[in-house]
Every structure is written in structure tokens, then in C-alpha cells.
Amino acid sequence: MGGALGKPLSLLKTLLWKVLFSWWVKPIETPNDVTGLTPTQVRLLQQSWKVILLHKKQNGFLIFKILFTDYPMTKKLFKGIDKVDPEQYEKTTSMRAHVTRFINSFDSFMECLEDPEALKSLLYDTGKAHLRHNTKPEHFDDLEVVMMKSLKAVLGLKFTESVEEAWRTAFAFFVVHLKMGVEDGLRGREKKNTSVVVTVE
């Protein structure tokens, strides 16, 4: 009799242990093969980006003020901005337009986080398009530093270690493909220039 009751009790204990164990231990997440991001990191990125979008104009100008303060040489990439007082950036039409384009581009990156191949293509095209602004590959390294500083300033206590790690992982992917776009554009420009033959009559 005891043996007959013992088996169901043993099964019940095993079942309870599995339930408790699965609740206590966090599931192991596999990083995406392309981006290196886990599903939780994607969620953290999208959530923190929504905070930026709450005041996107204000935060967009904050990003560029930090860029121009920490890396003043980048002002040369923006026509006429080196002659503008920092307090007047928001009144400058070209600067307002660039801030809007920047925020919209980053918003597109966030929307494509769950479609890695599309994101890779978008980053590459964005990098290549920046060639017309005389952007160099290393400028995207500067952008990463500026964005991390800006995110910390805007998010405050919400910029946790997990959020920071998610953004660093994302930028490791972003920067590679942004640079690739610029580098391919530069190679294409050089090839075009060397293929021009000048004839003298």
C-alpha cells in the first residue's frame, strides 16, 4: 500500500520541483547570429529608445550639442554650423532638418532590430549616403561614444547595466555596417577618379 502511494507522491514532488526550478532560473537566451542581440536586449533597446522619442526634438539637439562639444572638428561636416552659436542651433533651419533626419534614421534602426538582414542593409545604405557629407569611417566611432553619453543623460537611473550592455552590443553591430557603407563608397569614388583619363590635345 505504502509503495502504491509512494510513486504518485514521488511524481508530485518531481513536478513541483520542475515548476519551482523553471520559475527561479531565468531561461537562457540565444543571441541572434547576425546582430548578437538577445530578445531581451532588443526589448530593452526599443523601450529605452521610446524614452528618447518622448522629447525627440530636444533630445536630438542634445545629441548634436554633445557631439560638437566633445568632437568640435565634426562641425566641418555640417555646412555653416561652425559659425553658429550653440544656443542658436535650434533656430538654424539646416540643423533642425538634420536632427529630424538623424532621429528618423535611428527610429528605423529600432524598428528593424527584429529583422537583422533588413537592418544590415539599412545601416550600410545610411553609411554610404553619408559619403556626400565627407563622413569618414572613424566618425561613427565618435557617434557611438556620443550616443552612449546622451542615453545616459536622458535615461538617468533607467540607464541600467543591462540597458548599457544592450546598447553597446547594438553599436558593435551598427558601427561595423555603417563603416562598411562609407568604406565601399570611398573605394567606389577612388576607382571612379582613377578611371578618368585626361587627354591633352
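The values are calculated or read from the model by the stated rules, or taken from the named source; none is laboratory data. No experiment lies behind these values; they were computed from the predicted model shown. Backbone-built Cβ (ideal geometry, glycine too); neighbour counts: all protein chains shown. Calculation scope for accessible area: heavy atoms of the full protein, side chains included, ligands and nucleic acids excluded. Shrake-Rupley method; radii C 1.70, N 1.55, O 1.52, S 1.80 Å.
I'm checking my understanding of the structure. Among residues of segment 111-140 that are open to solvent by less than 50 Å² (accessible area, probe 1.4 Å) and over 25 Å from Leu44 (Cα atoms), which one is farthest from the chain's Cα centre (by Cα)?
Once the filter is applied, the top-ranked residue is Leu131.
What number of residues in segment 137-194 are on the phi > 0 side of the Ramachandran plot and hydrophobic (A, V, I, L, M, F, W, C)?
Residues that pass the stated criteria total 0.
For (1) among the hydroxyl-bearing types (Ser, Thr, Tyr); (2) touching a Phe, Trp or Tyr at 6+ places or on another chain (Cβ under 7 Å), each residue gets a yes or a no:
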site	(1), (2)
Glu90	no, yes
Asp107	no, no
Glu111	no, no
Thr126	yes, no
Arg132	no, no
Thr135	yes, no
Glu138	no, no
Leu143	no, no
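Please report, ordered by residue number, the helices (runs of 4 or more DSSP H) entirely within segment 85-159 with at least 2 residues that are touching a residue at least 60 places away in the same chain (Cβ under 8 Å) and over 23 Å from Pro31 (Cα atoms).
Passing ranges, in order: 139-155.
Could you tell me how many of the residues in segment 67-79 are over 7 Å from Ser94 (Cβ atoms) and either in contact (Cβ under 8 Å) with a residue 60 or more places away in the chain or not hydrophobic (A, V, I, L, M, F, W, C) (or both)?
Here the count works out to 9.
Being open to solvent by 50 Å² or more (accessible area, probe 1.4 Å) and among the aliphatic types (A, V, I, L, M) is the filter here; which residues of segment 168-182 pass it?
Ala172, Val176, Met180
Kindly establish whether Thr38 is polar (S, T, N, Q) and crowded, with 16+ Cβ neighbours inside 10 Å.
yes
Looking at segment 61-110 only, could you name the residues that are open to solvent by 60 Å² or more (accessible area, probe 1.4 Å) and of a type in the set (Gly, Ala, Ser)?
Ser94, the sole residue that qualifies.
Only residues that are within 16 Å of Arg43 (Cα to Cα) and assigned to a helix (DSSP H, G or I): list them for segment 160-183, please.
Glu161, Ser162, Val163, Glu164, Glu165, Ala166, Trp167, Arg168, Thr169, Ala170, Phe171, listed by residue number.
Restricting attention to segment 148-159, does a residue exist that is open to solvent by less than 60 Å² (accessible area, probe 1.4 Å) and under 19 Å from Thr35 (Cα atoms)?
yes
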